[in-house]
1. For a 21 Å ceiling on Cα separation, which of these pairs sit above it: K74/K115; K48/K215; K37/K167?
2. Amide H neighbours of D226 under 5 Å, at least 5 residues apart or on other chains, H built in the peptide plane: list them.
3. Expected output is a single nm value to one decimal: the length gained when fully extending between T32 and F165, i.e. 0.36 nm times separation in residues minus the C-alpha distance. What is it?
4. Extension gain V156-M106, at 0.36 nm per residue separation less the Cα-Cα distance, in nm?
5. Quick check for you: with a 1.4 Å probe and neighbouring chains kept, what is the accessible area per residue of the chain, in Å²?
6. Would you calculate the separation in nanometres between label points at M233 and L58, each defined as 7 Å from the Cα along the Cα-to-beta-carbon direction?
7. Please name whichever of V73, L99, T25 sits farthest to the positive end of the charge dipole of the chain, dipole taken about the Cα centre and charges placed at Cβ: Lys and Arg +1, Asp and Glu -1.
8. How much of the accessible area of the chain, probe 1.4 Å, is carbon plus sulfur, in whole percent?
Amino acid sequence: MRDFTLTSYRSLLTAFQKAGYQFQTFEEMMTTPAEGKTVVMRHDVDEKAFNALKMAQLEHELGIRSTYFFRIVKQSNVPEVIRAIAALGHEIGYHYEDLALAEGDMEKATASFEKNLTYFREYYPVRSVCMHGSSTSKFDNRLLWETHQLSDFGLVGEPYLSVDFNKVFYLTDTGYAWDGGKFATRDIVTNSFGLQFHTTQQIVACIEAGRFPEKSLILAHTLWTDSLVQWTMLHLREFFRNHVKLWATKNEGVAKVYKKIVGMYWKKV
């Protein structure tokens, strides 16, 4: 059975519901954390904005609210999609990458961050943000918080800064696999839960067996699709991209070429 489809995503959500888990948005996790078994579904909309809308519609159908972090790039920043997802009752956040885009210029990055945050607040009263990994940049976007506080911008949380991952189990589908951490550049979290999964079905089996942690934050990117053509193309792309990213960490020449290609892709409209 194909994984990372809307069908497999539905099976994950319904497994949580049948096991008695409640769902919260990230903002709710930061402000009014629930008691008992709780899961926060976080979506980084790096691209494929209309896939995000399909995931949001599925969640809404199941009575679930989740959090969608949108980037400023046009592959993510699609106004009609942002409005539609907010109208379904989901939380909208800003997936910031300002320091990388500003090539490390803190003053420029701060001004950009504030401008972009104001823009996304036209769609939703944004109170949470999450860094974009910007894997080809030497600048970690989280360095913005060495000179600023979240509260300076009326924010209540940033997943990589505000969550104790020894208490909250973190899962990410980075690299189109639940165990693709070796391909991650900055989406790296350490915890003491000792659990590892490769497929969504393995997660479902763990939930059904009552062995899944009580509190979790799960990152599901917006590459999940039932379209066989898109699913095949994305799997091939991610396979090659993951290995090039890994190669780039060991070879400066490859890193430069990869950075140029990535830059060209994100400039396309």
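1. Violating the 21 Å Cα-Cα cut-off are K48/K215.
2. L6
3. 46.1 nm
4. So the chain would gain 15.9 nm between V156 and M106.
5. Accessible area per residue, the chain: 48 Å².
6. The two pseudo-label positions are separated by 1.9 nm.
7. V73
8. After summing per-atom areas, the C and S share lands at 55 percent.
The values are calculated or read from the model by the stated rules, or taken from the named source; none is laboratory data. As the structure is a computational prediction, the values presented were derived from the model and not from experiment. When we count neighbours, we look across all protein chains shown, and the Cβ atoms used for this are built from the backbone with ideal geometry, even at glycine. Calculation scope for accessible area: heavy atoms of the full protein, side chains included, ligands and nucleic acids excluded. Shrake-Rupley method; radii C 1.70, N 1.55, O 1.52, S 1.80 Å.
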